[in-house]
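Here's the structure, in structure tokens; my notes come after.
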Amino acid sequence: MDAYESTREYWKSKDVSSQEALAAELQTYMVLFAWQNCLLEDLDVSADEVRAAFEAGAQTPGEAGRLLANQRRCFELLLPLAAAGEDLTPELVERVNALLCEGMDIEADDEDDSLTPEELREALVTLLGEVNAYDGPEALRAAAYFAAKLEYLQPFTGFCGLTARILASHFLLVREEPPLVFFEKDAEHYFDALETYDIGEDLRPLEKLMREQTVETWKTLLSRK
């Protein structure tokens, strides 16, 4: 059994059938996830500041503090939905993106102006229909497809990537798979993998990276217990 399959088995051994149990298992995960997302968005913040924001509601000043607060609100929204097995919907994707963007100084993503807003939403609906229909042993590949395709579509003014990363993990949780953190130290590999998909619709580099990041996520978290 390889490291990824071992990580899957570890997660599947956990009793996360209730919202309370799931929240307890993800407490340290959420801190690590939010910290690395800030770094990926070029916002400098320390692990201690993130922990204080999530565990004690401390206010970190500036853009980093606002993004931490927004991520915390996203987790508060998503945790009960994940525990209840709620799939992704266009409304949920839009709400998560709106929460992430609230109060932020948005640097617009490169939107595909070849599609109208109506066509972008239709493409989002199609994507979610494809992804939600999947329920099998290759859930990570489906999550990678969702993340890559959402980034490709760029349906929002900002934070498309962060929206994709948060909701890819939500998709995995709903399918009883371990969520993952995208680590800032591997940002070059992450963005290269997205570009590979954009150019030739080759999902293999992103799926491979996500397998590796899943292993590293839980190795890191377990080492801190």
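Brief remarks on what is shown
- Residues considered: F183, F191, F159. Of these, the only one that is aromatic (F, W, Y) and either touching a Pro at 6+ places or on another chain (Cβ under 8 Å) or buried (at least 22 other Cβ atoms within 10 Å of the Cβ) (or both) is F159.
- A147 satisfies every condition listed in (1) in a helix (DSSP H, G or I); (2) surrounded by fewer than 20 Cβ atoms within 10 Å (Cβ to Cβ) except (2).
- Residues of the range 11-45 satisfying the condition of being more than 20 Å from the chain's Cα centre (by Cα) and either part of a loop (DSSP other than H, G, I, E, B) or within 21 Å of L162 (Cα to Cα) (or both): S13, K14, D15, S17, S18
- Close pairs from the range 41-54: first within 19 Å of F159 (Cβ to Cβ) and free of Cβ contacts under 8 Å to residues at least 40 places away in the same chain, partner assigned to a helix (DSSP H, G or I) and of a type in the set (D, E), Cβ under 9 Å, at least 6 apart: L43/E63
- Residue count for the range 45-67, restricted to those that are in contact with a Cys (Cβ under 8 Å, 6 or more places away or on another chain) and farther than 22 Å from L150 by Cβ: 3
- Checking each residue in the range 164-181 for being outside any helix (DSSP H, G or I) and over 13 Å from V16 (Cα atoms) picks out L180, V181.
- Test: residue in the range 47-59 that is more than 20 Å from the chain's Cα centre (by Cα) and closer than 21 Å to A187 by Cβ: yes
- The one condition in (1) under 15 Å from E25 (Cβ atoms); (2) open to solvent by 20 Å² or more (accessible area, probe 1.4 Å) that S223 fails to fulfil: (1)
- R175 vs. criteria under 15 Å from the mean Cα position of the chain (by Cα) and at negative phi: yes
- Cβ-Cβ contacts under 7 Å between residues 6 or more apart (or on different chains), taken from a first residue in the range 1-25 that is closer than 11 Å to V215 by Cβ to a second residue that is part of a helix (DSSP H, G or I) and open to solvent by less than 60 Å² (accessible area, probe 1.4 Å), are listed as A3/V215; Y4/T214; Y4/V215; T7/T214; T7/V215; T7/W218; Y10/W218.
- Criterion: of a type outside the set (V, I, T), open to solvent by less than 50 Å² (accessible area, probe 1.4 Å), over 24 Å from E20 (Cα atoms) and not in a loop (DSSP other than H, G, I, E, B) - qualifying residue of A64, A52: A64
- Selection from the range 67-93 of residues that are open to solvent by 50 Å² or more (accessible area, probe 1.4 Å) and under 27 Å from D42 (Cβ atoms): R72, R73, E76
- Flag if G65 is over 16 Å from the mean Cα position of the chain (by Cα) and on the phi > 0 side of the Ramachandran plot: no
The values are calculated or read from the model by the stated rules, or taken from the named source; none is laboratory data. Model, not experiment: these values are computed from the prediction. When we count neighbours, we look across all protein chains shown, and the Cβ atoms used for this are built from the backbone with ideal geometry, even at glycine. For accessibility, only protein heavy atoms count, side chains too; no ligands or nucleic acids. Shrake-Rupley method; radii C 1.70, N 1.55, O 1.52, S 1.80 Å.
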